[in-house]
Amino acid sequence: MYMSSDLMALAIIPGLLLIAYVYKKDRVEKEPPALLMKLVLFGIFSCIAAGYLEQLESQFLPAYPKGSVQYAVQTSFLMAALVEETVKFLAMRIASWNNRAFNYRFDGVIYGLTAAVGFAIYENIMYVAMYGMQTAIVRAFTAIPLHAFCGAFMGAIYSYSKKASILGNGGASVMYTILALLVPMLIHGTYDTFAFLGQNGTGPLLVFVVILYAAAITMIKKLSASDYRAGFYPEARPIDYNVEI
C-alpha cells in the first residue's frame, strides 16, 4: 500500500490538531507526552482489533440488503458503534486508569479523545489509501471529528467513574462506566445510520454533524473552564479553588 506524503499528512494531521486543541485546553496541569503517545498507540491497536471483531460478528447477523434501513441500523449500531466504541474505551482505560497523572476531570476528556484519534488515524489511513484525496478531505471534517468527539464525551463520563471509584462508590463507578460506553455508541450509531442511508441520509447527517460539533466544543470549553474545581484529590487542587464538586 503506497501513499504520497501529501495524502499521508492529510490522513494524520486532522486528528493531531484535535489532540493539540484539547491539550491546550488543559489549564491545570498538562498530561505527560509519553501517556498521550501510549493512548494513541493503544487507539491504533484498538482499530486493528475492531476490524477482526466486526468481521467475526458479521457472520452471525442477518443479511439485509445494502441501502435498506435495516442494514443501516444493524451495521451502524450492532457493528460499528458497539464494537468500535468498546475497543476505544478499553484502549483508554487500560492506558490511563491507574496512571498517577489521572487526577482531574478534564484529564478524562483528553484521554478519551486521544485514544479515539489513534483509532481514527489508523482507520483514516486505510480509507485514504483506497479512495484518495477527496475522501481524505471529507473525512477530515466528518469521520475524524466523529471519533474524536465520541472519545471526548466518553472520557468526560469516564472521569466521573474514576472519581466515584476513588471515593469508594463502586456502584456509581459502574454506572458511569456504562454511560461512558452508551453515550458514544448512541452518537456513533446515529451518525453511521445516516451515512449508510446514502443520499436519503445526507441532509440529516449534515445537521447531526453540526450539532455534534457544537455540543462537543461547548462541553470541552465548559469542563476546561471548571477544571480547577474538579480535582479528584483535595490536596491536588489549587488552594483558591478548594471546593467540592
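Observations on the model:
- As for the range 155-167, it holds no residue that is surrounded by fewer than 19 Cβ atoms within 10 Å (Cβ to Cβ), part of a helix (DSSP H, G or I), touching a Cys at 6+ places or on another chain (Cβ under 9 Å) and hydrophobic (A, V, I, L, M, F, W, C).
- Count of residues meeting criterion [among the polar types (S, T, N, Q), in contact with a Phe, Trp or Tyr (Cβ under 6 Å, 6 or more places away or on another chain) and part of a helix (DSSP H, G or I)] in the range 77-115: 1
- Selection count, the range 25-61, where residues are more than 23 Å from A156 (Cβ to Cβ), in a loop (DSSP other than H, G, I, E, B) and in contact with a helix residue (DSSP H, G or I) (Cβ under 7 Å, 6 or more places away or on another chain): 1
- With respect to the conditions (1) surrounded by fewer than 24 Cβ atoms within 10 Å (Cβ to Cβ); (2) farther than 17 Å from K30 by Cβ; (3) not hydroxyl-bearing (S, T, Y), F102 lacks only one, and its number is (2).
- Hey, L18 among the aliphatic types (A, V, I, L, M), part of a helix (DSSP H, G or I) and over 19 Å from the mean Cα position of the chain (by Cα) or not: no
- Of all residues in the range 1-35 being charged (D, E, K, R) and either modelled with pLDDT of 95 or more or in contact with a Leu (Cβ under 8 Å, 6 or more places away or on another chain) (or both), the one that is surrounded by the fewest Cβ atoms within 10 Å (Cβ to Cβ): K24
- Qualifying residue in the range 107-125 (condition: surrounded by fewer than 23 Cβ atoms within 10 Å (Cβ to Cβ), without any contact (Cβ under 8 Å) to a residue 12 or more places away in the chain and farther than 23 Å from K221 by Cα): no
The values are calculated or read from the model by the stated rules, or taken from the named source; none is laboratory data. None of these values were measured; they are calculated from a predicted model. With ideal geometry, Cβ positions are generated from the backbone for all residues, glycine too; neighbour counts draw on all protein chains shown.
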